[in-house]
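Report on the structure given below.
Just so it is clear, none of the values below were taken in a lab; they were calculated from the coordinates. What you see is a predicted model, and the numbers here were worked out from it, not measured in a lab. Cβ coordinates were reconstructed from backbone atoms using ideal geometry, including for glycine residues, and neighbour counts include every protein chain displayed.
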Amino acid sequence: MSAFSKILLLRGAGGRHYSAAAQTQLREILGTQLAGIKDAGTFKAERIITSSQSTQITVQGSEKRILNFCANNYLGLANNPEIVEYSRTLLEKYGAGLSSVRFICGTQDIHKQLEQKIAQFHGREDTILYASCFDANAGIFEAILTPEDAVFSDELNHASIIDGIRLCKAKKQRYKHRDLADLERQLRESDGRLKLIATDGVFSMDGNIAPLARIVELAKKYDALVFVDECHATGFFGATGRGTEEYDNVMGEVDIINSTLGKALGGASGGYTTGPSELISFLRQKSRPYLFSNTLPPAVVAVGLKVMDMLLASSELTQRVQSNTQRFRTAMTKAGFTIAGENHPICPVMLGDARLASKFADEMLTRGIYVIGFSYPVVPQGKARIRVQISAAHTEAEIDQAIGAFIEVGRSLKVIQ
Ligand code: PLP
């Protein structure tokens, strides 16, 4: 009997809890749904990593190191010794956590320093930290938009943007994925007081890029604001890692940037909004995930601080992830694979069939390469793929090893000749 069942039984025996029947019902309802998810082949099993996050990892059940091509560790900083050491230093100096939200007694000097450094990195006036970018996205639309306003959202935006928009009272409009004609038509017809265009900078399933320069142009024409989620761009995309606005030559022209500290920027956790000072001050007053959730812990703030120092001093890592990406994309395309997206370290190897994608990923693992197959409903039916993610920390030899394994498996499964 599981510990959980024992607790239920004891509570029942004590006569103080009467929820056993309701819990049985809950287990039955969820159990049936879980069986349905498994039958559909969309159950997400989690592989348990027994090492730090890196290009080479070990997983439970095996001593062997495997090459990791599926983390968002774009700059390879997740186990960087200098960052870990600095995190330890601030952990010792500032303690484990604040036991408070920011506005009660949870703001330390290091939180303010990190906010300033992020603003400096993006060339913005101010920044507000959140526990995650999911929270930053959940907290912004509801705080600033009223029923008089209108928000225009790319149909393939990240789930957290979709949820954030659901919470607000503005008129909600969805435009077709990266379709500027559709966006323009909707902007033209809108009588919103504030008009806010919301888009991912980089769409993580396809590795494709929002047409930001032309979105900015439309925003100017129709007097709208532009919001960009830069989770898959900050720190490594664009010539010096400033993100999609740098890549598309519109530096400083986006009104609001939300991004994460949980991917390229050290991979710990945390998110932020950066932009005009009035916006940031207002969010500190009104944004619910900020007001009602605990402060980022000092050890996590330390990661952000050290990464920002590194990126403000040099864009060498950014250049390395870009050249690694070119190496992978060029060789894979030459070998006959179709790689979706453009110039981005998210390299989806398109396979079409869901079972093929899953078999392909399994075969890669037997060759020591860890990649993940994505299929419906995460991506559209018939568009299953293996999403490869390149890091600055991959060596050229590691990338070539992955390419070699792809070619071998691709030939044996008749994906390429
Ligand atoms: N936005 C995008 C585009 C993402 O890919 C993610 C993470 O998967 C998030 C937001 C949420 O970021 P965080 O992990 O900081 O909550």
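Structural remarks
- Computed from label points 7 Å out along Cα-Cβ, the spacing between GLU278 and LEU180 is 2.9 nm.
- Farthest positive-ward along the chain dipole, Cα basis, beta-carbon charges - from GLN56, HIS232, VAL202: GLN56
- In a reduced charge model with +1 at each Lys and Arg Cβ and -1 at each Asp and Glu Cβ, the range 199-304 shows a dipole moment near 360 debye about its Cα centre.
- Computed extension gain for LEU91 through GLN417, at 0.36 nm per residue and net of the alpha carbon distance, reaches 112.0 nm.
- Projecting the Cα atoms of ILE161, THR107, LEU311 onto the dipole axis of the chain, where Lys and Arg carry +1 and Asp and Glu carry -1 at the beta carbon, places ILE161 farthest toward the positive end.
- Amide H to amide H distances under 5 Å link GLN108 with no residue, where only residues 5 or more positions off or on other chains count and H is placed in the peptide plane.
- Value at 222 nm in deg cm²/dmol, rounded to 500, when DSSP H runs of n ≥ 4 in the chain each add -39,500 (n - 2.57): -14000 deg cm²/dmol
- Per-selection Kirkwood Rh - the range 81-313 (Cα, Å, 1 d.p.): 17.8
- If the chain linking LEU291 and ARG27 were pulled fully straight, counting 0.36 nm for each residue of separation and taking away their Cα-Cα distance, it would gain 91.6 nm.
- Charged side chains reduced to their Cβ positions (Lys and Arg at +1, Asp and Glu at -1) give the chain a dipole of some 1220 debye around its Cα centre.
- Hypothetical label at SER52: residues of the range 232-264 whose amide nitrogen lies under 12 Å (7 Å Cα-Cβ projection): none
- Principal axes of the range 25-84: Cα extent on each, largest first, Å: 51, 24, 19
- Computed with the Debye formula from one identical point scatterer per Cα of the chain, without solvent, the log10 of I(q)/I(0) at q = 0.06, 0.14 Å⁻¹ comes to -0.28, -1.34.
- GNM top mover of THR333, THR55, THR274 - the chain, alpha-carbon springs below 10 Å: THR333
- Peptide packing: for 253-261, 324-332, the average count of neighbouring Cβ atoms within 10 Å per residue gives the ranking 253-261, 324-332, highest mean first.
- Taking other C-beta atoms within 10 angstrom as a stand-in for reagent exposure, CYS70, CYS347, CYS168, CYS105 fall in the order CYS105, CYS70, CYS168, CYS347, fewest first.
- Sparse packing (at most 15 other Cβ atoms within 10 Å of the Cβ) combined with a DSSP loop state is found for none of the chymotrypsin sites (Phe, Trp or Tyr not before Pro) in the range 105-183.
- Nearest-20 debye value, the range 220-364 charge dipole, Cβ charges on Lys, Arg, Asp, Glu: 280
- Packing-based order for 291-299, 41-49, using average beta carbon neighbours within 10 Å, highest first: 291-299, 41-49
- Between the beta carbons of ASP39 and ARG327, assuming R0 = 51 Å, the FRET efficiency works out to 0.80 to the nearest 0.05.
- Listed peptides 313-323, 156-166 by packing density, highest first (mean Cβ within 10 Å): 156-166, 313-323
- For the cross-link pairs LYS169/LYS221; LYS112/LYS306; LYS169/LYS195, the ones whose C-alpha atoms lie over 22 Å apart are LYS169/LYS221.
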